[in-house]
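Take a look at the structure set out below.
The values are calculated or read from the model by the stated rules, or taken from the named source; none is laboratory data. This is a predicted model, so every value here is computed, not measured. Ideal geometry is used to build each Cβ from the backbone, glycine not excepted, and the neighbour counts take in all protein chains shown.
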Amino acid sequence: MPSILLHLVPASMYAALGAHFWRTRWHPSGTTPRRGLSTAERAALLVALLAHGVVLHGELFPGQGMHFGFGTALSLMVWLAVLFYWIENFFARLDGLQTFVMPAAAVCTLLPAMFPPPLLLDKAGSPAFRAHFIVAMLAYSLFTLATLHALLMAIAEKRLHHARLSSVFASLPPLLTMEHLLFRLIRIAFVLLTLTLISGVVFSEALFDKAFQLDHKTIFAAISWLLFGALLLGRRLWGWRGKLAQRWTMAGFIALMLAYVGSRFVVEVVLHRSA
């Protein structure tokens, strides 16, 4: 089966779920707000995750070594973000967030087929490299979910101030509870990003067969680390919250995307190079 058809399977699942959540959460036909995911919705999302994971594994490991690039990076990040979202829904109500997550997942699932990964990572068999790679992807994914969460909070807060709360926002937890969840995601992701930067700097030669270099990826990753670190410090010392916290979250996420995904996009898509 052609690669694009394989990717269309999970992409269509995510798109169908996105349409379902849009209809039932943002434009419900009933008067009673839906709360959390139903058992059928959890099962459907899990099936989409499994299908996405199978296709993504085939893209990452088509044979010897590991193929990785711009498209697979975004696809993997979103897969992990959706997985975290699926797990988090067992502990907190996140109605509204799925309307942002599903379209992003549907688009990113198709990216590896549209932009095949040109980069073969021959160090993929190294336990040190695998640990570094997994921690980095977990950090990126948690920051992705945190940014979507901050975006939902910004919309909810704006609607609250204008007294235009729809049923989806009426079913959300209080903004203070959502803010606690946002900072919990950021704290965990910040620890993982710190470990990623430390391992990349200290063990650069073992991981990448070359001495540490202060390139654009490292600079943007360090900027992102500083932004999120300043946000957490501001939260602890001065109680930063609301729009200020949301803006810092989005700024840190943009810097983090520029660190790897943005650079890979320029190299692979714009310049048509593999490194």
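If the requirement is being at pLDDT 85 or above and either within 18 Å of Leu175 (Cα to Cα) or surrounded by fewer than 17 Cβ atoms within 10 Å (Cβ to Cβ) (or both), which of these qualifies: Leu237, Leu227? First the steps, then the outcome.
Values: Leu227 fails: either within 18 Å of Leu175 (Cα to Cα) or surrounded by fewer than 17 Cβ atoms within 10 Å (Cβ to Cβ) (or both).
That would be Leu237, the only listed residue that is at pLDDT 85 or above and either within 18 Å of Leu175 (Cα to Cα) or surrounded by fewer than 17 Cβ atoms within 10 Å (Cβ to Cβ) (or both).
For residues in the range 76-115 being surrounded by fewer than 16 Cβ atoms within 10 Å (Cβ to Cβ) and part of a loop (DSSP other than H, G, I, E, B), which is modelled with the lowest pLDDT?
If we take residues in the range 76-115 being surrounded by fewer than 16 Cβ atoms within 10 Å (Cβ to Cβ) and part of a loop (DSSP other than H, G, I, E, B), then Ala92 is modelled with the lowest pLDDT.
Residue check, Leu142 against (1) at pLDDT 85 or above; (2) not small (Gly, Ala, Ser); (3) not in a helix (DSSP H, G or I), all met but one. Which one?
(3)
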